[in-house]
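Comments concern the structure below.
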Amino acid sequence: MNSLAANQRRALELAYFYDLSHREVAQEMHAPLGTVKAWIRRAIETLRINLTVLEPTTLLAVSRQTEESFLRIQASRRLKRQTSSVRTTVPPLVSCASAT
């Protein structure tokens, strides 16, 4: 990922790691939709070229790290969904002033 341009890396991260649609990535990055699609496509092509140069053992280690990152992100999303769906009730404020 370090070999990518900053805009390509950010667009790819938002699309794949944060599961945003291309339209949502465009809104987040304040860029036209076509530009974001081009960034993502170029990023994937660059990664494909860079990964084919790696030795099989290195490629396996990279894919394991990617899978672990993906699983951590998915677990984090599930936790967010679970905690956001739990509604807590807040008791009403009670006045501490005593009536005389």
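The values are calculated or read from the model by the stated rules, or taken from the named source; none is laboratory data. Owing to the predicted nature of the structure, the values given are computational and were not obtained by experimental measurement. Neighbour counts are summed over all protein chains in view; Cβ atoms, including those assigned to glycine, are modelled from backbone coordinates with ideal geometry.
Consider region 1-54. How many of its residues are closer than 16 Å to Ser69 by Cβ and in contact with a Phe, Trp or Tyr (Cβ under 6 Å, 6 or more places away or on another chain)?
The number of residues fulfilling the criteria is 0.
For region 19-52, enumerate the residues that are in contact (Cβ under 8 Å) with a residue 24 or more places away in the chain and of a type outside the set (A, V, I, L, M, F, W, C).
Within region 19-52, Asp19, Arg42, Thr46, Asn50 qualify.
Do we have any residue at all in region 13-32 that's more than 25 Å from Arg77 (Cα to Cα) and of a type outside the set (Asp, Glu)?
Initial filter on region 13-32 (more than 25 Å from Arg77 (Cα to Cα)): 31-32.
Okay, now just the ones that are also of a type outside the set (Asp, Glu), so 31-32.
Yes: region 13-32 contains one or more residues that are more than 25 Å from Arg77 (Cα to Cα) and of a type outside the set (Asp, Glu).
Wholly within region 8-100, which helices (runs of 4 or more DSSP H) include no fewer than the required count, namely at least 2 residues that are at pLDDT 80 or above, surrounded by 10 or more Cβ atoms within 10 Å (Cβ to Cβ) and of a type in the set (Gly, Ala, Ser)?
Hits in region 8-100: 33-53.
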